[in-house]
Amino acid sequence: MTGMVYLVGGGPGDPGLITVKGLHCLRRADVVLYDRLIAPELLYEVPLQAELIDVGKEPAQQRYPQSAIIALLIEKARAGKIVVRLKGGDPFVFGRGGEECEALVQAGISFEVVPGVSSALAVPAYAGIPVTHRDVARSFTVITGQTADETAIDYAALPRQGTLIGLMCVQHLAEITRQLIAHGFAADLPAAVIYRGTTPEQVIISGTLQDIAAKAQPLQPPALFIAGEVVKFHPTLNWYEPTGHDYADQLFDIREDLQRMGA
Ligand code: SAH
């Protein structure tokens, strides 16, 4: 009997932001293949006997090439397992979820997609930045800056109105903001970089398009870049208070202890 693959969006970092349907999938899983950016607390919801496979990719060292992830999904499903492919945020937002589904269709394996709360929306929300606001921003655009060369981001095509949200932009932020200004974005447009938004480690640095790259330079990925008039709401609407504690490692230890004890 062939199994089933659930492509589940795990949300942006706060484990409470997974969907009810996503949580149901995790609680029924035989195998979970998870990414680097998922909330580690979510793995605590998986049955203890289930197999957990960390296919997370560090930016520098590709631990599992995409082809190996796909091969694993197919292998486990063919063995009759309920497989959860747990991805950060939403599986179809810069998550290669589409490619994984295409491969499953080709292999004749049943799958379902459980959308997730994308960091593109949730991270600004936790920073008190509404991505749209009547009269201030009536649209938003989400870009990826994984490569900073001009062909990757079509600067000329970006709307000058509305909010600009950038994922995977921080490593090339100086070049990206320079290009935005060169293409007609106001140098004094409010901008911010948010590191590990929605988690206890959240850090926000705000400024303008002109100075945000220099100010936010200490922040490493994962971080989100946002530019637009809505950023000015941050000081007044900033409701979330990160604690600065990170419990993730402890949870992994507890899970291993329980497994050893045969619980
Ligand atoms: N599918 C994911 C995005 C994957 S790309 C989603 O929908 O959220 C990974 C990028 O998302 C990171 O490099 C970073 O730019 C952004 N990101 C993900 N989680 C984040 C977080 N908690 N805080 C800030 N940025 C985050």
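Just so you know, all these numbers are worked out from the coordinates, no wet-lab data involved. As the structure is a prediction and not an experimental result, all values here were calculated from the model. Positions of Cβ are generated from backbone atoms using ideal geometry, with glycine treated the same way; all protein chains shown enter the neighbour counts.
Just a few scattered comments:
- Cα pair distances in the stretch 1-151, grouped into 10 Å bins until the bin that holds the longest one, percent each: 11, 39, 33, 14, 4, 0
- Value of relative contact order over the chain, rounded to a whole percent, pairs C-alpha under 8 Å and six or more apart: 20 percent
- Share of pairwise Cα separations in the chain, more than 29 Å, in percent: 36 percent
- With contacts taken as Cα pairs under 8 Å and at least 6 residues apart, the stretch 4-117 reaches a relative contact order of 44 percent.
- Over the stretch 120-237, relative contact order from alpha-carbon pairs under 8 Å, at least 6 apart, %: 33 percent
- FRET efficiency for the residue 48 to residue 133 pair, using the beta carbon distance and R₀ = 41 Å, is estimated at 0.35.
- Charge dipole magnitude, Cβ of K and R +1, D and E -1 - the stretch 4-117, Cα centre, debye nearest 20: 160 debye
- Listed from fewest to most Cβ neighbours within 10 Å, the set 54, 154 follows the order 154, 54.
- Here the chain is treated with +1 on each Lys and Arg Cβ and -1 on each Asp and Glu Cβ, and its dipole about the Cα centre works out to around 420 debye.
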